[in-house]
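Undergrad: Here it is: the structure, laid out below.
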Amino acid sequence: MSNTVPSNLYPMPTPKPGHRFVPAKVGATEDTSVIVLIEDPTWCTEDHVDEPVRDLSDLMHRGDEALLKVPTFSYGAYPIQMFAWVEADPAAREPEFRAAHITMQDGGGNNYCHLTPAMAEKLADDAIGFASELRHQARIARQANQAAGDSDPCMDEALRRVRGGAA
């Protein structure tokens with residue numbers, strides 16, 4: 001048996017830093033799809049086999065999703081939701097879409113915003129300021145409710161009993 005390497009074998013390339021090779025399913029139908037190895041950013045959490053694409057140029061990279069749910073005591077469980085994830089479209093014409101960027105979407109799925117890392121950091125700073133103002137408003141509302149007392153005299157008595165340890 002010979003130890004020579006056949007001339008039609010090529011060494012596996014090394015992925016770029018911050019990337020790895022993963023399988024992806026590409027094809028128009030299940031019968032014509034093939035599994036190929038793609039260079040995938042390490043932050044990408046897409047399963048490119050479970051989420052097949054028709055053409056390799058349709059392939060997108062997406063990271064884990066961050067979610068903010070705004071609760072309410074009135075209608076609906078979460079009428080306001082915001083989602084954000086890291087995304088890149090390697091086949092996009094615009095360099096901003098080819099580069100890793102942050103995509104945000106409203107809960108209805110109708111509105112999208114695309115942010116550069118610098119824009120996302122500025123938005124995060126603004127959100128921290130918003131959160132601080134929201135805490136301030138919560139303190140104001142809490143103090144206003146304490147100053148007004150309980151609104152219903154029957155409820156006042158029931159609350160006094162519960163607060164006093166009586167049922």
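Readers should treat all values here as calculations from the given coordinates under stated rules, not as data from a laboratory. Treat the numbers as computed from the prediction; the structure is a model and nothing was measured. Please note: Cβ atoms are built from the backbone with ideal geometry, for glycine as well, and neighbour counts cover all protein chains shown.
Undergrad: For the chain, find the longest principal axis of its Cα atoms and tell me its angle to the long axis of helix 117-148, 0 to 90°, nearest 10.
TA: Its long axis makes an angle of about 20 degrees.
Undergrad: Follow-up. Against the empirical 2.2 N^0.38 Å scaling, what ratio does the C-alpha Rg of the chain come to?
TA: In units of the globular-protein estimate, the chain measures up at 1.75.
Undergrad: What residue among Met119, Met12, Met60 has the largest mean-square fluctuation in a Gaussian network model of the chain, using Cα springs under 10 Å?
TA: Maximum among the listed residues: Met12.
Undergrad: Now, a different point. If packing is taken as the average count of other Cβ atoms within 10 Å, what order do 30-41, 63-74 fall into, highest mean first?
TA: Going by the mean number of other Cβ atoms within 10 Å, highest first, we get 30-41, 63-74.
Undergrad: I've got another one for you. Determine, for Thr42, Thr103, the number of other Cβ atoms within 10 Å of each Cβ, and report the residues in order from fewest to most.
TA: So the ranking, lowest neighbour count to highest, is Thr42, Thr103.
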